[in-house]
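Data block below; observations after.
The values are calculated or read from the model by the stated rules, or taken from the named source; none is laboratory data. Keep in mind the model is a prediction, meaning the values are calculated, not measured. Virtual Cβ from ideal backbone geometry, glycine too; neighbours counted across all protein chains shown.
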Amino acid sequence: MHQLVILRGNSGSGKTTTAKVLREHLTDTLLISQDVIRRDMLAEKDKPNSPNIALIELIARFGLQHEKVVILEGILSASRYGQMLQGLIAAADRSFIYYYDLPFEETLHRHAGRAKANEFGAASMRRWFQPHDLLGVPGEQTIPASWSQDDVVGHILADLNS
């Protein structure tokens with residue numbers, strides 16, 4: 001079965017942490033991080049029609065074709081990535097789409113505890129912040145600030161096993 005898990009939200013939300021924990025609980029996964037592809041592999045800025053969008057899609061489709069649970073995580077703004085994400089959702093047998101719907105102050109608080117905290121600060125995060133950037137696709141779920149990391153992972157694993 002071709003399963004796709006999309007974790008979206010603002011910087012500092014907890015997407016990468018959740019994706020890595022999910023991977024520990026699942027077999028045959030392909031974890032795709034927007035930051036790894038965009039920043040580390042391609043050294044690109046996040047802008048419309050960047051080549052990273054096509055590369056993310058190519059890697060995700062590879063995973064789906066090889067019956068992996070594809071976990072895609074990143075800010076993945078609806079305006080830039082929405083069309084590509086909708087195509088991936090259509091290509092998967094089952095898709096689970098989650099958006100961390102957190103206030104800016106909470107993302108800033110979570111960011112303070114990360115290793116990346118020294119790479120960029122509040123001013124950059126405020127510039128990047130896009131509240132309620134939902135895709136508007138059927139089945140999309142929001143993750144509230146009140147959920148712990150264990151709550152999020154447990155919820156997603158329950159969805160995958162349903």
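Among the residues of segment 80-121, the ones that are closer than 24 Å to Lys47 by Cα, surrounded by fewer than 14 Cβ atoms within 10 Å (Cβ to Cβ) and modelled with pLDDT under 95 come to 6 in all.
Checking each residue of segment 32-54 against the condition of being of a type in the set (Asp, Glu), modelled with pLDDT under 95, within 25 Å of Ala145 (Cα to Cα) and buried (at least 17 other Cβ atoms within 10 Å of the Cβ) gives at least one match.
Yes or no, residue by residue, for (1) in contact with a Ser or Thr (Cβ under 8 Å, 6 or more places away or on another chain); (2) in contact (Cβ under 8 Å) with a residue 40 or more places away in the chain; (3) among the hydroxyl-bearing types (Ser, Thr, Tyr); (4) not in a helix (DSSP H, G or I):
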| position | (1), (2), (3), (4) |
| --- | --- |
| Met84 | no, no, no, no |
| Glu105 | no, no, no, no |
| His111 | yes, yes, no, no |
| Arg127 | no, no, no, no |
| Val152 | yes, yes, no, no |
| Leu157 | no, yes, no, no |
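Of all residues in segment 144-162, those satisfying the criterion of being at pLDDT 95 or above and in contact with a Leu (Cβ under 8 Å, 6 or more places away or on another chain) are Pro144, Val153, Ile156, Leu157, Leu160. Of the residues that make up segment 48-65, is at least one farther than 19 Å from Gly136 by Cα, of a type in the set (S, T, N, Q) and in contact with an Asp or Glu (Cβ under 9 Å, 6 or more places away or on another chain)? For segment 48-65, residues farther than 19 Å from Gly136 by Cα, of a type in the set (S, T, N, Q) and in contact with an Asp or Glu (Cβ under 9 Å, 6 or more places away or on another chain): present.
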